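One structure is given here, and the rest of the page talks about it.
The values are calculated or read from the model by the stated rules, or taken from the named source; none is laboratory data. From a predicted model like this one, the values you see are computed outputs, not experimental measurements. Every residue, glycine among them, receives a Cβ derived from its backbone with ideal geometry; neighbour counts consider all protein chains shown. Ligands, DNA and RNA are stripped out before the accessible areas are found, and what is left, the full protein with its side chains, is counted by its heavy atoms. Shrake-Rupley method; radii C 1.70, N 1.55, O 1.52, S 1.80 Å.
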Amino acid sequence: MHTVLIANRGEIALRVLRTCREMGLRTVAVYSQVDDGSAVVGEADETVRIGPGPARRSYNHIPAVIEAARMTGADAIHPGYGFLSENPDFAEVCAAEGITFVGPPPEVMERLGDKASARAAMVAAGFPLLPGSTDAIDDPDAAKSFADEIGYPIIIKAVAGGGGRGMAVVRDPREFTETYRRTRAGAAAVFGDGRVYVERYLDSARHVEIQVLCDTHGNGVHLGARDCSVQRRHQKLVEETPAPGLSDDAQREIGESAVRAVLSVGYVGAGTVEMLVDTACAHYFMEVNCRLQVEHPVTEMVTGIDLVAEQLRVAMGEPLRFTQDGIRFHGVAVECRINAEDPVKDFAPTPGLLESVELPGGPFVRVDTHVAAGSRIPSEYDSLLAKVITWAPDRDAALRRMDRALAETRLRGERIATTAGFLREVLAEPDFRAGRHDTGLLDRMKDRPLGGVAV
């Protein structure tokens, strides 16, 4: 491997580029018309414009990305997260073109990307699931009967869903059939696949995920558990590791179980096994994300392991450089996502021109961002502006440091609002502060006015 094409944009593209540079690898940045002049374009060794603003005609347009690799002599493609990162067809095309795809084999990605087959694989591997259908249910009457049998509330999930999309909670049996049909129609429109499955919904549950890393030699390790329970409409806002409320023994047991499960299907590369944890600390499989996660920096902060570098080494065919016993976890890390959204207006996106940018600093504060004063925030893409990550020897100190860092975060521009102040409100919530929070925390906060912290 000598030249890596980064098939992404924003902070993750810049993040991948920096590790490539440290490893002595040449980089190619692809960009859409609206990202001309972006940070990664200014830093890459070579750049190729691959299309106009809409992602379907640029970042998700496989022929354009492959042609850019051909033109520049790139022998590897790192997809980042989102866009083509979990597209098995793209991985197959890369293989056919003799280009290394930095990620799992396409057949593994296809199996785990289909939530029905992923659930079946996890059952076979002995990973616990919530009561629900292992396979998709295509008949509304059969789905309703199944839901009535397992009990409400239930959640209907698109087999091809992801990123918090393609799911709906049903509490009243009388609303099931209409919600089922609406979810199927939405899944068909968004994902091109209308299949759905049904499972029990936990009102009071934690969203916990295990970071796994596997090589092509049959070795696998986990890098600890992250808690991602602070969510808005299934979109994560705050992540931390280790997961509060889970003992070291519980996290070790769940981590080992996750590694066994992904190795059983031939997984290669970095990935995440996501699960729900109930009030009794029992865990239940949700899905496998076959890519690098947005929240990977918190794991890097407590382990000292560069996950992008490990992805690249695995893609080169190298065995893992450490065993499970050799991984050490130090302290607590927290990440807050700073989005260009207005919390007062139901988190409506606020694209526009950033006129001034002040980002936090100080000891044990990391900021992953691609913006600066003068950056234009486009409406075509995700509204993520920056990720603020703090580390400390214990959780209370990490949260105090995060509050200080958020107070120093000032991104201003005409019509632009951010979530920085709102996140300070979240961190001040007694349940969150005590580590008692669950996925319903923001729903309990939404009916209260913001407590005076500027957003």
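Can you pull out the residues in the range 432-445 that are open to solvent by 20 Å² or more (accessible area, probe 1.4 Å) and either within 17 Å of CYS281 (Cα to Cα) or of a type in the set (Phe, Trp, Tyr) (or both)?
Correct list: ALA434, ARG436, THR439.
Picking from ASP89, ASP139, which residue would you name as being among the acidic types (Asp, Glu), touching a residue at least 24 places away in the same chain (Cβ under 8 Å) and on the phi < 0 side of the Ramachandran plot?
Result of the check over ASP89, ASP139: ASP89.
Looking only at the range 57-91, how many residues end up being in contact with a strand residue (DSSP E or B) (Cβ under 9 Å, 6 or more places away or on another chain) and either part of a helix (DSSP H, G or I) or farther than 19 Å from ILE12 by Cα (or both)?
13
When the range 268-287 is examined, which residues are found to be touching a helix residue (DSSP H, G or I) at 6+ places or on another chain (Cβ under 6 Å), modelled with pLDDT of 95 or more and more than 18 Å from ARG15 (Cβ to Cβ)?
Residue satisfying the conditions is VAL273 alone.
Listed residues PRO88, PRO128; which is open to solvent by less than 60 Å² (accessible area, probe 1.4 Å) and farther than 29 Å from ALA309 by Cα?
Of the residues listed, the single one that is open to solvent by less than 60 Å² (accessible area, probe 1.4 Å) and farther than 29 Å from ALA309 by Cα is PRO128.
Quick check on the range 180-206: of everything there that is aromatic (Phe, Trp, Tyr) and in a helix (DSSP H, G or I), which residue is surrounded by the most Cβ atoms within 10 Å (Cβ to Cβ)?
So, considering only residues that are aromatic (Phe, Trp, Tyr) and in a helix (DSSP H, G or I), the one surrounded by the most Cβ atoms within 10 Å (Cβ to Cβ) is TYR180.
Where the second residue is open to solvent by 10 Å² or more (accessible area, probe 1.4 Å) and of a type in the set (Gly, Ala, Ser) and the first is more than 14 Å from SER257 (Cβ to Cβ) and lies in the range 269-283, which pairs have Cβ atoms under 8 Å and are six or more apart or on separate chains?
GLY269/GLY103; GLY269/ALA315; ASP278/SER204; THR279/SER204
Restricting to the range 1-29, count the residues that are open to solvent by 70 Å² or more (accessible area, probe 1.4 Å) and part of a helix (DSSP H, G or I).
Going through the range 1-29 one residue at a time, the tally reaches 3.
Using the structure shown, decide if MET109 is open to solvent by 20 Å² or more (accessible area, probe 1.4 Å) and either in a helix (DSSP H, G or I) or closer than 30 Å to ALA373 by Cβ (or both).
no
Report those strands (runs of 3 or more DSSP E) wholly inside the range 226-314 carrying at least 1 residues which are touching a Leu at 6+ places or on another chain (Cβ under 8 Å) and open to solvent by 20 Å² or more (accessible area, probe 1.4 Å). Lay out the reasoning, then the answer.
Values: elements: 235-241, 269-277, 283-289.
Counting at least 1 such residues, we get 269-277, 283-289.
Residue by residue through the range 390-400, note down the ones that are open to solvent by 60 Å² or more (accessible area, probe 1.4 Å) and part of a helix (DSSP H, G or I).
Scanning the range 390-400 gives ASP396, ARG400.
Looking at (1) aliphatic (A, V, I, L, M); (2) farther than 19 Å from SER383 by Cα; (3) crowded, with 16+ Cβ neighbours inside 10 Å, which one does MET71 not meet, given that it meets all the others?
That leaves (3) as the condition not met.
All but one of (1) out of contact with any strand residue (DSSP E or B) (no Cβ under 7 Å at 6 or more places or on another chain); (2) open to solvent by less than 10 Å² (accessible area, probe 1.4 Å) hold for GLU97; state the number of the condition that does not hold.
(2)
Is it fair to say ARG415 is under 22 Å from VAL344 (Cα atoms) and surrounded by fewer than 22 Cβ atoms within 10 Å (Cβ to Cβ)?
Taking the combined requirement at face value, the residue satisfies it.
Just to be sure I understand, how many residues within the range 41-55 are open to solvent by less than 40 Å² (accessible area, probe 1.4 Å) and assigned to a strand (DSSP E or B)?
Matching residues across the range 41-55 total 3.
Could you list, in sequence order, all residues of the range 323-362 that are in a loop (DSSP other than H, G, I, E, B), out of contact with any helix residue (DSSP H, G or I) (no Cβ under 8 Å at 6 or more places or on another chain), touching a residue at least 24 places away in the same chain (Cβ under 8 Å) and surrounded by fewer than 15 Cβ atoms within 10 Å (Cβ to Cβ)? Break it down into steps so the answer makes sense when it comes.
First, the residues of the range 323-362 that are in a loop (DSSP other than H, G, I, E, B): 323, 327-331, 340, 346-347, 350-351, 354-355, 359-362.
Retained after the next criterion (residues that are out of contact with any helix residue (DSSP H, G or I) (no Cβ under 8 Å at 6 or more places or on another chain)): 323, 340, 346-347, 350-351, 354-355, 359, 361.
Checking the rest, the ones that are also touching a residue at least 24 places away in the same chain (Cβ under 8 Å) come to 323, 340, 347, 350-351, 354-355, 359, 361.
Within the range 323-362, THR323, GLU355, GLY361 meet the criteria.
Here is a list: SER58, SER38, SER32. Which entry is touching a His at 6+ places or on another chain (Cβ under 7 Å), closer than 16 Å to GLU380 by Cα and either modelled with pLDDT of 95 or more or surrounded by 18 or more Cβ atoms within 10 Å (Cβ to Cβ) (or both)?
Working: SER58 fails: touching a His at 6+ places or on another chain (Cβ under 7 Å); SER32 fails: touching a His at 6+ places or on another chain (Cβ under 7 Å).
Step by step, each of SER58, SER38, SER32 is checked, and only SER38 is touching a His at 6+ places or on another chain (Cβ under 7 Å), closer than 16 Å to GLU380 by Cα and either modelled with pLDDT of 95 or more or surrounded by 18 or more Cβ atoms within 10 Å (Cβ to Cβ) (or both).
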